[in-house]
Amino acid sequence: MEVLIIEDEEPAAERLVGLLRQYDARIRPLAILSSVEEVVKWFGDHRQPDLVLLDIHLSDGLCFDIFKQVAVRCPIIFCTAYDQYVLDAFQVHSIDYLLKPVQYQKLEKSLRKMEAIRSQMRPPGNDPHFNEIIQIIRTGRHSYKSRFMVKTGNRIKAVKSSDIAYFNSRNKVTLLVTRDGQRFPLDYTLDELMTMLDPVMFFHVNRNLVIHIDSVKEVHPYFKGRLKLLLSPEQEEEIVISSQKTPLFKAWLDH
């Protein structure tokens, strides 16, 4: 895999190189760029990399100025010290939004998410929909699931994504829970679901829960910078947002 690193702080860039090699020694860093001007020129002279690791504040401006000048069609993992740009990041080919200092476990999860997306994009034989998927990628459009087909008794029915309150995973079983409290088993993991769902509407709270924005009933301050959530429909177990995820959750909830 060929990775372009866009980062204006040398120690942070070197850390990213080390984390990538820790994940897979075969990863090839193509270049380390520090400015919008350098990046625009680089994309004009080179083919698209497999992945971009992108800081937001660069030496000559915000990274979003890059997208106004060149078409970046490859996946992007944002690595930044600022949490207020998370919604802007979702408007491009964003795989994830990591806060500095980037931790290996977080980057590993992001890279595995990217690999899962790629595996779904590979053509199984002569799949007639594959060319349509490729066209979506090339034109910069992303199609999120608008409904899920679920089994109820001997019938199959569709549940709109807008009618989903949250997805809950326990003992390797994922349940789709609707706003009126109905529960249906799904054959997806939560990580797989997050590649299908609109990140503006759904948030991955923890390893057991993905919630729809309209399911959040109350938010309360909790110990050590964390947040406690009350959802509708209510859950029996306590739901706590970690201190690391709190800034992202606040930005997501307030968009």
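The values are calculated or read from the model by the stated rules, or taken from the named source; none is laboratory data. The shown structure was predicted, so the numbers you read here are calculated from the model rather than taken from an experiment. Note that each Cβ is placed from the backbone with ideal geometry, even for glycine, and that neighbours are counted across all protein chains shown.
Against the conditions (1) under 18 Å from Arg147 (Cβ atoms); (2) in a loop (DSSP other than H, G, I, E, B); (3) not β-branched (Val, Ile, Thr), where does Ser243 fall short? Just the number, please.
Only one criterion in (1) under 18 Å from Arg147 (Cβ atoms); (2) in a loop (DSSP other than H, G, I, E, B); (3) not β-branched (Val, Ile, Thr) is unmet by Ser243, namely (1).
Out of Phe203, Phe249, I need the residue that is within 26 Å of Cys79 (Cβ to Cβ), in a strand (DSSP E or B) and of a type in the set (Phe, Trp, Tyr). Which one?
Phe203
Whether any residue in segment 72-79 is farther than 11 Å from Leu4 by Cα, modelled with pLDDT under 90 and either outside the structural domain of Glu108 (by TED's automatic domain parsing) or over 19 Å from the mean Cα position of the chain (by Cα) (or both) is what I want to check.
No.
Just one of (1) out of contact with any helix residue (DSSP H, G or I) (no Cβ under 8 Å at 6 or more places or on another chain); (2) surrounded by 15 or more Cβ atoms within 10 Å (Cβ to Cβ); (3) of a type in the set (S, T, N, Q) trips up Thr178, so point out which.
(1) is the only condition that Thr178 fails.
If only one of His220, His204 is modelled with pLDDT of 90 or more, out of contact with any Phe, Trp or Tyr (no Cβ under 9 Å at 6 or more places or on another chain) and closer than 21 Å to Leu107 by Cα, which one is it?
Values: His220 fails: closer than 21 Å to Leu107 by Cα.
Checking each option against the conditions leaves just His204.
Among the residues of segment 75-88, is any without any contact (Cβ under 8 Å) to a residue 12 or more places away in the chain and surrounded by fewer than 18 Cβ atoms within 10 Å (Cβ to Cβ)?
no
Look at Val200 and say whether it is surrounded by fewer than 18 Cβ atoms within 10 Å (Cβ to Cβ) and touching a residue at least 60 places away in the same chain (Cβ under 8 Å).
Answer is yes for this residue.
Which condition number in (1) modelled with pLDDT of 85 or more; (2) assigned to a loop (DSSP other than H, G, I, E, B) is the one that Val159 fails?
(2)
Restrict the check to segment 36-58 and report whether at least one residue is out of contact with any Lys or Arg (no Cβ under 9 Å at 6 or more places or on another chain), part of a loop (DSSP other than H, G, I, E, B), among the small types (Gly, Ala, Ser) and modelled with pLDDT of 90 or more.
Within segment 36-58, none of the residues are out of contact with any Lys or Arg (no Cβ under 9 Å at 6 or more places or on another chain), part of a loop (DSSP other than H, G, I, E, B), among the small types (Gly, Ala, Ser) and modelled with pLDDT of 90 or more.
All but one of (1) within 19 Å of the chain's Cα centre (by Cα); (2) closer than 19 Å to Ala116 by Cβ hold for Tyr166; state the number of the condition that does not hold.
Condition (2) is where Tyr166 drops out.
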